[in-house]
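These notes are about the structure you will find just below.
All of the numbers you see were taken from the coordinates with simple rules; none came from a lab. As the structure is a computational prediction, the values presented were derived from the model and not from experiment. Note: ideal-geometry Cβ built from the backbone for every residue, glycine included; neighbour counts use all protein chains shown.
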């Protein structure tokens, strides 16, 4: 079976991994919603990290403590703090908002990522990406409708989560230059588990067996999402794979309708189209610029090698 799958064209492998990641992410949100009917969202965040660590530690440490060796511990701590904030806001959004609406607003991660990269990394944002950002944030306004009496502060939770996720993404971008993926994932679990325990203790209540099983299943689905995304990006182009992330919205909408009876509001569709469209444009534009930069880098390397003087002949060395 494995050899058959490996024999498929890369785009089909990426499609399978992308679908797996999208479906598992949608199911994860449902498990969190069900669990937060029994325990506080902050407690659910702790259990997600605790059980996630139990799943990944045996695999990551099977070769010993090598994955824990790093010279960039402060950056790992910053990433863990941002991830804790992202999960706390996101789990609260799942608990207190319609799932489809929370998911659509959370798609603003690439929009905030673009802005933060310009502020902290000095990346240039040209007119087309600025236009895409404006379109995306118009989509946010369509969904939350400021001034509408029905608007609640809960609508800000997935947006706050998106800001934290985008910030954490910048730290991952920095860490990935020097650290391997196993170290990055393992340190997040190792650090966020005790960090998230502290706020969880203030709202702690003895979890039922049902809540524990739901969070075990949720942690498994979260890890499955990471595996799917990692492998999809490994076998095919980023600009192709990123589109599967937005399939979470129809999956989540369908599941939430069946299980929770949540009917999406009429404003959700146009708002989601604006957000997803702008995010996809930014992702594809970023991928195109990266390819052009890599081609330029390879061209400069080739030119430099052509300009190198030929090795000296034996008689020249004498």
Principal semi-axes in Å for region 50-111 [√(5λ), Cα gyration tensor, largest first]: 30, 16, 10
Cα-projected label distance for residue 296 with residue 237, points at 7 Å along beta-carbon direction, nm: 1.9
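So what's region 200-247 giving for Rg/Rh, alpha carbon basis, Kirkwood Rh from the mean inverse pair distance? Walk me through the intermediate numbers first.
Values: Rg = 16.3 Å, Rh = 13.2 Å.
Reported Rg/Rh (Cα atoms, Kirkwood Rh): 1.23.
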Stokes-Einstein D (µm²/s) once Rh is taken as the Kirkwood radius of region 98-222 over alpha-carbon pairs, at 25 °C in 0.890 mPa s: 140
Gyration tensor (Cα) of region 20-301, equivalent ellipsoid semi-axes in angstrom: 28, 27, 17
Per-bin percent of Cα-Cα distances, region 159-304 [10 Å]: 8, 25, 34, 24, 7, 3, 0
Förster radius 45 Å - calculated FRET efficiency between residue 68 and residue 141, Cβ distance, rounded to 0.05: 0.50
Radius of gyration and maximum dimension Dmax of region 22-162, Cα, Å: 18.0, 57
Added length on full extension, which subtracts the Cα-Cα distance from 0.36 nm per residue, residue 120 to residue 11: 35.8 nm
Separation of the residue 19 and residue 266 label points, Cα + 7 Å toward Cβ, nm: 3.4
